[in-house]
There are 4 protein chains.
Amino acid sequence: MNVILDLCVVPLGVGVSISRYVAACQAVLTEAGLSPNLHAYGTIVEGEWDPVFAAIKKCHETIHRMGAPRISTTIKLGTRTDRAQTAESKVRSVQELLGKTPPAKKA
Amino acid sequence: MNVILDLCVVPLGVGVSISRYVAACQAVLTEAGLSPNLHAYGTIVEGEWDPVFAAIKKCHETIHRMGAPRISTTIKLGTRTDRAQTAESKVRSVQELLGKTPPAKKA
Amino acid sequence: MNVILDLCVVPLGVGVSISRYVAACQAVLTEAGLSPNLHAYGTIVEGEWDPVFAAIKKCHETIHRMGAPRISTTIKLGTRTDRAQTAESKVRSVQELLGKTPPAKKA
Amino acid sequence: MNVILDLCVVPLGVGVSISRYVAACQAVLTEAGLSPNLHAYGTIVEGEWDPVFAAIKKCHETIHRMGAPRISTTIKLGTRTDRAQTAESKVRSVQELLGKTPPAKKA
């Protein structure tokens, strides 16, 4: 079962600046081969359910090990059985309706 | 690693009434021994990371098998290493500050 | 337009214990006449769109004034035009499918 | 009070393909002068609290008028009083820690 998800980790008890924890999470996801796509309020991850959630668990373990005593995370996730879909195609289908060409990925 | 989470599954492509899918998900969580606590916009689940997320995966599989071609789920989840905490104690600590006695579990 | 929503405020930069900020937010919502219903990962609010969102804005202002320099909030919200629905009826329709009597409100 | 938020609208009762509703919401946000930044599981919006939430309300009204009887929306939102921050600077601060140059906007 393939999943497309939006992951947003918020460590608590480490002050207001959390970017180094978010960066560590990006590194964990990248090492897991997941090509996370960072945006301003989370990161997009796609792949098979088990490796994706194993990587998210590792993000929590890593951030705790860095010293954050508490983490509050929000995940939005989608699965579908009717057809294959990628994170890129989701964006493209909306942009086409808006008459915009999506940003080419190293055209 | 213990987790307290709020799970909200939204099946798409099955019309506006989704309660039977939510009920099926409650049954999956209960069968997994997780004592889900339903509220008006999701259900609270707590337990060890792996069995909790295995049950959430099974919820998606079950809802797809019931005929929903697409599911959009939102999860809020918390982990902490500084001290043990339960879903019940989270609510109680706020209610005590508000001067309210929390609802007793078997009055 | 009526809305049923789940509100979860997470103040950052104030340490790991956030219950007094959550309690202040409950007080703001109650003073706004909204009868918030606290659960372990947020609070359920229902009412007309404008007063509900005015109260949420006031929650942010209040928590900042209490000293939290940063707040990360998650809201799940539902509107529908096909029929009237309450937070209580949402829970009841699932519980009836599960063969459970919902908790009576004034037993 | 400035807000950076992630908005994800999910219309129910209109089948599995929801891109035309998401596109309509993008148009509403753009007409409101908000420069939404679409990603694979939502769109990033930033601005003053009141116009941002007025536009979100208009998104719901528009999607209902297009025929969707029910909408389930998820919003993650951040406010801060310690310093000014933009959606772009949030992404950049993480990318700099990862040793990546952020994508230049009109290089």
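What follows draws every value from the coordinates through simple rules; no lab data is involved. Since the model is a prediction, treat every value here as computed from it, not as a measurement. Methodologically, a virtual Cβ is constructed for each residue, glycine included, from the backbone with ideal geometry; neighbour enumeration extends over all protein chains shown.
What the table shows:
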read-out	value
Distance in nm between pseudo-label sites at A:GLU31 and A:MET1 (7 Å out along the Cβ direction from Cα)	2.8 nm
Degrees, to the nearest 10: A:19-31 long Cα axis against longest axis of chain A	60 degrees
Shielding of C:33-40 by partner chains, average beta-carbon count, 10 Å	5
Least to most buried among C:GLU96, D:GLU61 (fewest other Cβ within 10 Å first)	C:GLU96, D:GLU61
Unpartnered cysteines - no second Cys beta carbon under 4.7 Å - across the protein assembly as shown	A:CYS8, B:CYS8, C:CYS8, D:CYS8
At R0 = 60 Å, FRET efficiency that the Cβ-Cβ distance of C:LEU97 and D:ALA84 yields, to 0.05	0.75
Most fluctuating residue given options A:SER72, A:SER35, A:SER93, as computed from a GNM of chain A linking Cα atoms under 10 Å	A:SER93
Over chain C, relative contact order from alpha-carbon pairs under 8 Å, at least 6 apart, %	39 percent
Inter-copy separations for C:ALA84, label at 7 Å along Cα-Cβ, nm, ascending	4.7, 4.8, 5.0
Cα Rg over Rh - chain A, Kirkwood	1.02
Which of A:ARG83, D:ARG92 has the fewest Cβ neighbours within 10 Å, and the rest in rising order	A:ARG83, D:ARG92
Cα gyration tensor, the range B:1-55 - rounded (a/c under 1.5), prolate or oblate	prolate
Partner chain coverage, peptide B:61-70 - average Cβ within 10 angstrom	4
Shielding by partners, peptide A:83-89 (average Cβ within 10 angstrom, other chains)	2
Amide H partners (placed H, <5 Å) of D:HIS39, local residues excluded	D:ILE44
Integer Hz, Karplus 6.51/-1.76/1.60 couplings in order for the range C:80-92, x for Gly and Pro	8, 10, 7, 6, 6, 8, 10, 4, 5, 5, 4, 5, 4
For B:SER35, label point 7 Å along C-beta direction: distances to other copies, nm	2.8, 4.4, 5.1
Net charge, B:GLU96 excluded, C-beta distance under 14 Å - Lys, Arg +1, Asp, Glu -1	+3
Sum of -39500 (n - 2.57) over DSSP H runs of 4+, divided by residues of the protein assembly as shown (222 nm, nearest 500)	-12500 deg cm²/dmol
Whole-percent pair-distance distribution, where bins are 5 Å wide, for the alpha carbons of the range A:52-99	5, 14, 17, 16, 13, 12, 11, 9, 4, 0
7 Å along Cα→Cβ, label-point gaps from D:PRO69 to other copies, nm, shortest first	1.9, 5.0, 5.0
Projected-area mean, the range A:30-75, by convex hull of Cα positions, square nanometres	3.5 nm²
Net dipole in debye of chain B [+1 Lys, Arg Cβ; -1 Asp, Glu Cβ; about Cα centre; nearest 20]	220 debye
Cα shape, the protein assembly as shown, gyration tensor, a/c 1.5 rule	rounded
Order by protection proxy (mean Cβ within 10 Å, highest first), peptides C:9-17, A:3-11	A:3-11, C:9-17
Likely footprinting exposure, C:GLU31, D:GLU46, fewest C-beta neighbours within 10 Å first	C:GLU31, D:GLU46
Distance violations [Cα-Cα > 32 Å] among A:LYS90/C:LYS100; B:LYS58/C:LYS58; A:LYS57/C:LYS100; A:LYS90/B:LYS76; B:LYS90/C:LYS57	A:LYS90/C:LYS100; B:LYS58/C:LYS58; A:LYS57/C:LYS100
